[in-house]
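Below: one structure, written as structure tokens.
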Amino acid sequence: MPRDTAELFGKPTPRIDGVAKVTGAARYASDEPVANPAFAWLVTSAIARGRVGGLRLDSAKAVPGVIDILTHDNVGALAQPPAQMDGGPTTTTLETDQIWHDGQIIAIVVAESFEAAREAANRVEVDYVAEPPSATFDSPGVQVEPHKTTEDSKDPAKGDAAAALAAAEVKIDARYSTPTQHHNPIELFTTTCVWDGPHLTIYEGSQAMWGLKANVAKQLGMDPAMVRTISRFVGGAFGSRGGTTSRTAWIAIAAKRLGRPVKLVATRDQGFTIATYRAETRQHLALGASRDGKLTAFVHEGWEVTSRPSGYNVAGVDTTARMYACPNIATAVHVVHADRNTPGFMRAPPETPYMFALESGMDELAHALNMDPIELRRVNDTKIDPVSGKPFSSRSLMACFDQAAAKFGWSGRNPKPGSMRDGDWLIGWGCATATYPTNIGPAAARLAVTPEGKVTVQLAAHEIGTGAYTVVAITAARSLGLKVDDTTVMLGDSSLPPVTVAGGSNNAATTANVVYKACEEVRRRLAEAATADPASPLHGADAASLQLKGGTLMGPTGASEPFKAALSRVTGGVLEVHAENAPQGSKPGAVAGLYEGKSAMVRGTGRENVTTFAFGAHFVEVRVHERTREIRTPRVVSAFSAGTIVNPMTAHSQFMGGALWGLSAALFEATEIDRKTARYVNHNLADYLIPVNADVPDIQVLVVPEEDDQVNPLGIKGIGEIGIVGMNAAVANAVFHATGTRIRDLPIRAESLL
Ligand code: MOS
């Protein structure tokens, strides 16, 4: 049985890797020193659809220092495209001459220097056989089809939503859209490959060490045991490094052809097309309610852009249909195939776009009912998942609304749109629900502890900026009654025990629970040896009642012995344990699958007896200038409730960063695409707008305490993604309150209000 989690967790703890990061000692993938590297530069397509008719390489080869140029003609047969997360097909790169999208890799130049590779790449002349591309929604030639569902992922449906909507006393029916967005982590997309005889080492920022290893091995037709992936620190991921993309296998092939290490650091603009992105959506939402505000009908449909061959989609109706009690539910999701690179995960992939529609729609419904938007959520709050009928393991949604509302001063709001102002500035206050499913994955970990109380924990988990090293250190040290400062944590290396992909906000729950299990094994062995030894002060006690605390092994009556004495009884040196954890609800073989690079997460909506989600509430004040329509956001209050908080210091940063990104997504971010050429036009950080310091308001984060012993033994819900969810709607709702204008298309800019 787990110990009291409040005793283990909840103390603000600085990052154990903080000093390494701010002093430059932390090595990101392209910082890893390798001997005598050659440098690669990508040649990418300037058209979005067609074929590479021919490549003229003479001028490129004439650049001093050029060593090799990879094209579909000379290496195409050597690799398969990387497997996609959903198992489906994706676009090819050098495998054939086909061009699926703008910015596709069509050749790779390798040279003695970065500069020579760049110059030669610019001298590659490409004869394109071009066809007119389809860019996005409404472009001629796009193919629309229902997304594929499985037994585990059916579109939520219940009752007769059409009839209920027709009969509803009050209803709203609206269309919303969200734009293409790109992650732009500050660490660029890089890959360094080194061969040592038959062994391949890949240095690449990744959220899936064992997944990357297995996928690249499969692409190259190699034994995965011969591949090692290393990613000790990741300079931002947000989903962009969860799957395997095409460049990795080609850099491995380049290094093999040359017989020396090859390093690729792709440019910022290339990152827009060689990695994944958040695809644009269109949504239709209709809500019906009785006069008292109770929902009677829920209809939510989505359309999502993807590449020609891939069925990738996020289907956020799976979350939105579960937010509020409603007897009649109808949902549908369609994919729209265009001549684009395959999209992928980006922070809260389903919830960020789909909760925009739902939480905007709830505000519209509250307005139609002449009801306070918080009260509308309260009337429809539910302890039962309306789709599956299973109870929520815990749900503190209204506590989050109430505490954030009090802090924000919501009671001072005049509900009439356009009624609050400060000089030339129209003031609007808006709110929205935040949520994210609680997922957990299988994992393995190795833990070694010395008689001096020094602990080493090793697992192939991922530090993507979230504080993952520190979560592991806190869990190990406190579970063993030892010190965080005496704990060494090694992550980000596929030669360590496997952990599920760092996605779906599962990392803290996944790693803490497996590390706790390893510590429990240490405790059990020490306790059993002590209670059996007549020389121990704990002799004869019940081994299960002993705890590791304050550097001792302690019995229930206060008898204890020092950790060193207890450990010396079971080992002459260091005690090492290997733990594996298959969370409750795991499918058979979940742990075995980890060793094949498979990430079998137990999803918040995929459990037998319970539905698990974290909840929150955002409140935002916007100010819209009466004449220029400039939009400012001076303050935000967001409250979250997410079970056990392992480290309040890094949790605060996660919540705040999420809220800030939500503001950015609501007001700034959109990747613009040229409809005629299907090329991104603002593929750089100068034109892809993000907030600067002057745009960032006072963001106050509240954490509402919550205990949940059903989500997992330590009660940890994920917090990596929830912060961004719903903020876009809170802003739109505040803009409506300020101006009386409802904006249903993101981002909301001054021109939206002219
Ligand atoms: Mo996250 S978008 O699941 O890395």
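For the subset of segment 215-237 comprising residues that are open to solvent by less than 20 Å² (accessible area, probe 1.4 Å) and part of a helix (DSSP H, G or I), which member is nearest to the ligand (Cβ to nearest atom)? It comes out as VAL216. No other residue among HIS199, HIS147 is in contact with a helix residue (DSSP H, G or I) (Cβ under 6 Å, 6 or more places away or on another chain) and not basic (Lys, Arg) apart from HIS199.
The residue pairs whose first member lies in segment 161-177 and is assigned by TED's automatic domain parsing to the domain that holds ARG744, whose second member is open to solvent by less than 70 Å² (accessible area, probe 1.4 Å) and among the charged types (D, E, K, R), and whose beta carbons are closer than 6 Å, counting only pairs six or more residues apart or on different chains, are ILE172/GLU364. Only one entry of ARG241, ARG282, ARG232, ARG291 meets the criterion of being under 30 Å from ILE172 (Cα atoms), of a type in the set (Lys, Arg) and within 22 Å of the chain's Cα centre (by Cα), and that entry is ARG282. Could you tell me whether any residue of segment 395-402 is assigned by TED's automatic domain parsing to the domain that holds ILE719, within 20 Å of GLU706 (Cβ to Cβ) and in a loop (DSSP other than H, G, I, E, B)? Yes, because at least one residue in segment 395-402 is assigned by TED's automatic domain parsing to the domain that holds ILE719, within 20 Å of GLU706 (Cβ to Cβ) and in a loop (DSSP other than H, G, I, E, B). Scanning segment 339-351 for residues that are open to solvent by less than 10 Å² (accessible area, probe 1.4 Å), within 16 Å of the ligand (Cβ to nearest atom) and touching a helix residue (DSSP H, G or I) at 6+ places or on another chain (Cβ under 9 Å) yields MET346, ALA348, GLU351.
Would you mind stating whether GLY503 is within 16 Å of the ligand (Cβ to nearest atom) and modelled with pLDDT of 95 or more?
Spelling it out, GLY503 is indeed within 16 Å of the ligand (Cβ to nearest atom) and modelled with pLDDT of 95 or more.
Conditions (1) in a strand (DSSP E or B); (2) of a type in the set (A, V, I, L, M, F, W, C); (3) over 30 Å from TRP425 (Cβ atoms), marked per residue:
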{"residue": "THR633", "(1), (2), (3)": "yes, no, no"}
{"residue": "ALA639", "(1), (2), (3)": "yes, yes, no"}
{"residue": "ALA659", "(1), (2), (3)": "no, yes, no"}
{"residue": "LEU663", "(1), (2), (3)": "no, yes, no"}
{"residue": "ALA666", "(1), (2), (3)": "no, yes, no"}
{"residue": "ALA670", "(1), (2), (3)": "no, yes, no"}
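Within segment 174-189, not a single residue is touching a Lys or Arg at 6+ places or on another chain (Cβ under 9 Å), closer than 18 Å to GLY239 by Cα and of a type in the set (Gly, Ala, Ser). Residues in segment 714-750 that are part of a helix (DSSP H, G or I) and either among the small types (Gly, Ala, Ser) or in the same structural domain as ASN513 (by TED's automatic domain parsing) (or both): GLY723, ALA729, ALA730, ALA732, ALA734, ALA738, ALA750. All but one of (1) among the aliphatic types (A, V, I, L, M); (2) open to solvent by 20 Å² or more (accessible area, probe 1.4 Å); (3) within 21 Å of the chain's Cα centre (by Cα) hold for ALA670, so report the exception by its number. Failed condition: (2). If I filter segment 460-469 for residues that are open to solvent by less than 10 Å² (accessible area, probe 1.4 Å), within 16 Å of the ligand (Cβ to nearest atom) and not in a loop (DSSP other than H, G, I, E, B), do I get at least one hit? Yes, because at least one residue in segment 460-469 is open to solvent by less than 10 Å² (accessible area, probe 1.4 Å), within 16 Å of the ligand (Cβ to nearest atom) and not in a loop (DSSP other than H, G, I, E, B). Among the candidates ALA275, ALA254, ALA225, the residue that is among the hydrophobic types (A, V, I, L, M, F, W, C) and without any contact (Cβ under 8 Å) to a residue 40 or more places away in the chain is uniquely ALA225. Contact annotation: residue pairs with Cβ atoms under 6 Å, 6 or more positions apart or on different chains, pairing a residue in segment 549-563 that is within 12 Å of THR531 (Cβ to Cβ) with a partner that is open to solvent by 50 Å² or more (accessible area, probe 1.4 Å), are ALA559/PRO537; GLU561/PRO537. For the residues GLU561, GLU580, the requirement of being closer than 24 Å to THR450 by Cβ and under 39 Å from the mean Cα position of the chain (by Cα) singles out GLU580. Meeting the requirement of 1 or more residues that are under 19 Å from THR273 (Cβ atoms), the strands (runs of 3 or more DSSP E) wholly within segment 86-169 are 105-111, 125-130. In this entry, ASP542 is excluded by the filter for residues that are away from the ligand (no atom under 16 Å from the Cβ), modelled with pLDDT of 95 or more, under 30 Å from GLN207 (Cβ atoms) and not hydroxyl-bearing (Ser, Thr, Tyr).
Take the conditions touching a strand residue (DSSP E or B) at 6+ places or on another chain (Cβ under 9 Å), modelled with pLDDT of 95 or more and open to solvent by 10 Å² or more (accessible area, probe 1.4 Å) and apply them to GLN270. Does it pass? Criteria met by GLN270. Find the residue count for segment 22-54, including only residues that are farther than 29 Å from VAL142 by Cα, open to solvent by 40 Å² or more (accessible area, probe 1.4 Å) and outside any loop (DSSP other than H, G, I, E, B). Residues flagged as farther than 29 Å from VAL142 by Cα, open to solvent by 40 Å² or more (accessible area, probe 1.4 Å) and outside any loop (DSSP other than H, G, I, E, B) within segment 22-54 amount to 5.
When you look at THR201, is it open to solvent by less than 10 Å² (accessible area, probe 1.4 Å) and either of a type in the set (S, T, N, Q) or closer than 19 Å to ALA83 by Cα (or both), yes or no? Criteria not met by THR201. When you look at ALA729, is it more than 16 Å from the ligand (Cβ to nearest atom), buried (at least 19 other Cβ atoms within 10 Å of the Cβ), under 19 Å from ALA434 (Cα atoms) and under 21 Å from the mean Cα position of the chain (by Cα), yes or no? Answer is yes for this residue. Being touching a Phe, Trp or Tyr at 6+ places or on another chain (Cβ under 8 Å) and more than 16 Å from the ligand (Cβ to nearest atom) is true of SER396.
Can you say whether ALA79 is more than 27 Å from HIS683 (Cα to Cα) and surrounded by fewer than 16 Cβ atoms within 10 Å (Cβ to Cβ), as far as the supplied structure shows? Here the answer is no, as ALA79 does not meet what is asked.
Of all residues in segment 532-558, exactly one satisfies the criterion of being within 21 Å of THR450 (Cα to Cα), open to solvent by less than 20 Å² (accessible area, probe 1.4 Å) and not aliphatic (A, V, I, L, M), namely SER536. Restricting VAL333, VAL305, VAL317 to those that are of a type in the set (Val, Ile, Thr), in contact with an Asp or Glu (Cβ under 8 Å, 6 or more places away or on another chain), surrounded by 24 or more Cβ atoms within 10 Å (Cβ to Cβ) and closer than 19 Å to PRO747 by Cα reduces the list to VAL305. The set of residues in segment 238-267 being among the small types (Gly, Ala, Ser), part of a loop (DSSP other than H, G, I, E, B) and either surrounded by fewer than 24 Cβ atoms within 10 Å (Cβ to Cβ) or away from the ligand (no atom under 16 Å from the Cβ) (or both) consists of SER246, GLY259, ALA266. Taken together, the criteria exclude ALA444 from residues that are open to solvent by less than 20 Å² (accessible area, probe 1.4 Å), within 16 Å of the ligand (Cβ to nearest atom) and not in a helix (DSSP H, G or I). Has segment 478-487 got any residue that is open to solvent by less than 10 Å² (accessible area, probe 1.4 Å) and within 16 Å of the ligand (Cβ to nearest atom)? Checked segment 478-487: no residue is open to solvent by less than 10 Å² (accessible area, probe 1.4 Å) and within 16 Å of the ligand (Cβ to nearest atom).
The values are calculated or read from the model by the stated rules, or taken from the named source; none is laboratory data. Keep in mind that what you see is a predicted model, and the values were worked out from it rather than measured. Cβ sites come from the backbone with ideal geometry, for glycine too, and all protein chains shown count toward neighbours. Side chains are part of the model used for accessible areas, which takes the heavy atoms of the whole protein and leaves out ligands, DNA and RNA. Shrake-Rupley method; radii C 1.70, N 1.55, O 1.52, S 1.80 Å.
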